[in-house]
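Computed from the coordinates by the stated procedures, all read-outs in this text should not be read as laboratory data. Since the model is a prediction, treat every value here as computed from it, not as a measurement. Positions of Cβ are generated from backbone atoms using ideal geometry, with glycine treated the same way; all protein chains shown enter the neighbour counts.
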Amino acid sequence: MTTVLVADDHQLVRQALRRALDDAGLNVVSEACDGEEAVRLAKQLEPDVVVMDVTMPILDGIQATRQIFAAEPSTKIVILTMHGEDKLVSEAIEAGAVAFLSKDCSMQEVVETVRLTSAGEVFLSPALADSMLKEFTPAEPTTGGKPSVPSPLTKREEEILQSVADGKSTTEVAQDLFISAKTVKNHLASIYVKLEARDRTQAVLSGVRLGIVSLH
């Protein structure tokens, strides 16, 4: 069973998240009301996923994410952001977060994101796509929608990365391209190396910078 740590400085939010996750059959092992406590509990309990608020006392969610990733790199961190905090997404990615949700999303979206993240997938909230486009503009001017510098990826790798950018899971990508899920994973591993990316989120955003893929 997937274990989850919920970190938010608002008690009502924590309670709502716990209830939704518990009802969905996920195991919320603890709650943290500030970033420092989140780091301590993450090190102690080693949860599969941490649902992390950004704005918290003592230690904010970005700093907490950085410390948790350094100590427990296998723990996946899902960042919750409020409107106006989108500029922090780039910092969160560098810190080690792999999934992002805006706080106006539904509890079902939170549950599904935790499940996907635990399974090694990634979820980018559609509400954050526009801000990401502004934050991660292509590194070089493009002409006719094509990158002005050669892509380091093969055509198949570009197809797969675009599918990931569109929010598709490994299984969905495999079905769309009529290949096995294992083949998709092998291509993703190659993409990570070529783009010097740690995970899907970094790979997608590197692809956006290079003009290889787009966020819709």
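Local charge for Ala42 was computed over the other residues whose Cβ lies under 13 Å away, with Lys and Arg +1 and Asp and Glu -1, and equals -3. Phe178 sits among other residues whose Cβ lies under 13 Å from its own Cβ, and their net charge, with Lys and Arg +1 and Asp and Glu -1, is -2. Peptides 92-100, 20-28 ranked from most to least packed by the mean count of surrounding Cβ atoms within 10 Å: 92-100, 20-28. Residue ranges 181-192, 5-16, 200-211 sort as 200-211, 5-16, 181-192 when ordered by packing (mean number of other C-beta atoms within 10 Å per residue, highest first).
Database remark: amide H of Phe100 closer than 5 angstrom to the amide H of Ile79, Phe123, Ser125 (H placed geometrically; neighbours at sequence offset of 5 or more, or on other chains; Pro and chain starts carry no H). How charged is the neighbourhood of Ile191? Take every other residue with its Cβ under 12 Å from the Cβ of Ile191, and add Lys/Arg as +1 and Asp/Glu as -1. Net charge in that neighbourhood comes out at 0. Charge dipole (Cα centre; +1 on Lys/Arg Cβ, -1 on Asp/Glu Cβ; no other charges) of region 3-125 amounts to roughly 160 debye.
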